[in-house]
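K.L.:
Quick one: this structure, given as structure tokens, is what I'll be asking you about.
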Amino acid sequence: MPDYQLLIFDWDGTLVDSIARIVESMRVAADVSGLPWRDDAAIKGIIGLGLPEAIATLYPELEDPRCIDAFRQRYGEHYSALERQPSPLFEGVAEALEVFRAEGYRLAVATGKSRRGLEHVLAGRGWLDYFDVTRCADETASKPDPRMLHEILAHCGVAAERAVMVGDSPFDLRMAHRAGMDSVAVGYGAQPLAELLKESPSLAIERFEELRHWLAGDLSRQSREVELYV
């Protein structure tokens, strides 16, 4: 087992069950902008990117900056309204994060959300000071560029080999690879493990609690779990 000091988590689809709200908000923004809906797979396929990159991927024909800004505003307004009741954490997340903190791990978030969006959802949980550091796409480079991971490592004073990135999208795993960092793929979020395994993660899980077993050194369990997905 690597001797990790720092655990870095994606937010949407990894810690928080918010995928359906992202899909709904994208469709509301499309309606207001007079654009056609994209199917669930297409929208889930951009989760993890910064919002400008996500819009450009879904609607490459949308070139007018004013129209792009209007789309971003409508998306943000609708998503924020939905988050008045915070999206639920996935099963086992709250308990595991508390265990990780008690065991002395540094905890961080690397997300495609904007700083304003992340602060809003963290405040809704009373978690503004929960993580050691957070990085958002609008204050650095969007995934899969490794810049946000480099910034997190520098802030914490931790080497890449002592950190691991946990995420539900190929962008998370590619970002980790480019940063020289191990990664954990979670298959309960935006993408199935069959897709995530193409990025060669260090571990593949279907329940968040499996991360606890792996970090505790239960290698026999980890081996059995991975065999199910390969």
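K.L.:
Could you tell me which numbered condition E91 fails, if it satisfies all but one of (1) under 16 Å from F208 (Cβ atoms); (2) open to solvent by 30 Å² or more (accessible area, probe 1.4 Å); (3) in a helix (DSSP H, G or I); (4) touching a residue at least 40 places away in the same chain (Cβ under 8 Å)?
P.N.:
(3)
K.L.:
Write out, first by first residue and then by second, each pair whose Cβ atoms fall under 7 Å of each other, whose residues are 6+ apart or on separate chains, and whose first residue, in region 5-17, is more than 16 Å from G50 (Cα to Cα) while the second is assigned to a strand (DSSP E or B) and open to solvent by 10 Å² or more (accessible area, probe 1.4 Å).
P.N.:
As it stands, the answer is Q5/R106; L6/R106; L15/L89; V16/L89, since those pairs meet every condition given.
K.L.:
Tell me, yes or no, whether region 104-113 has at least one residue that is surrounded by fewer than 18 Cβ atoms within 10 Å (Cβ to Cβ) and small (G, A, S).
P.N.:
Yes; the residues of region 104-113 include at least one that is surrounded by fewer than 18 Cβ atoms within 10 Å (Cβ to Cβ) and small (G, A, S).
Table: residues versus (1) open to solvent by less than 40 Å² (accessible area, probe 1.4 Å); (2) more than 21 Å from E98 (Cα to Cα); (3) assigned to a loop (DSSP other than H, G, I, E, B).
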residue	(1), (2), (3)
H120	no, yes, no
L128	no, no, yes
L149	yes, yes, no
K198	no, yes, no
E210	yes, no, no
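K.L.:
Testing R21 on (1) within 19 Å of P170 (Cβ to Cβ); (2) assigned to a helix (DSSP H, G or I); (3) touching a residue at least 60 places away in the same chain (Cβ under 8 Å), one condition comes back false. Which one is that?
P.N.:
Among (1) within 19 Å of P170 (Cβ to Cβ); (2) assigned to a helix (DSSP H, G or I); (3) touching a residue at least 60 places away in the same chain (Cβ under 8 Å), the lone unmet condition for R21 is (1).
K.L.:
Need pairs with beta-carbon distance below 8 Å; first residue surrounded by fewer than 20 Cβ atoms within 10 Å (Cβ to Cβ) and within region 164-193, second of a type in the set (S, T, N, Q) and assigned to a strand (DSSP E or B); sequence gap 6+ or separate chains.
P.N.:
H177/S183
K.L.:
Being open to solvent by less than 10 Å² (accessible area, probe 1.4 Å) and among the hydrophobic types (A, V, I, L, M, F, W, C) is the filter here; which residues of region 48-64 pass it?
P.N.:
The answer is A54, I55.
The values are calculated or read from the model by the stated rules, or taken from the named source; none is laboratory data. Keep in mind that what you see is a predicted model, and the values were worked out from it rather than measured. Positions of Cβ are backbone-derived with ideal geometry, glycine not excepted, and every protein chain shown enters the neighbour counts. Just the protein is used for accessible areas: all its heavy atoms, side chains included, with ligands, DNA and RNA removed. Shrake-Rupley method; radii C 1.70, N 1.55, O 1.52, S 1.80 Å.
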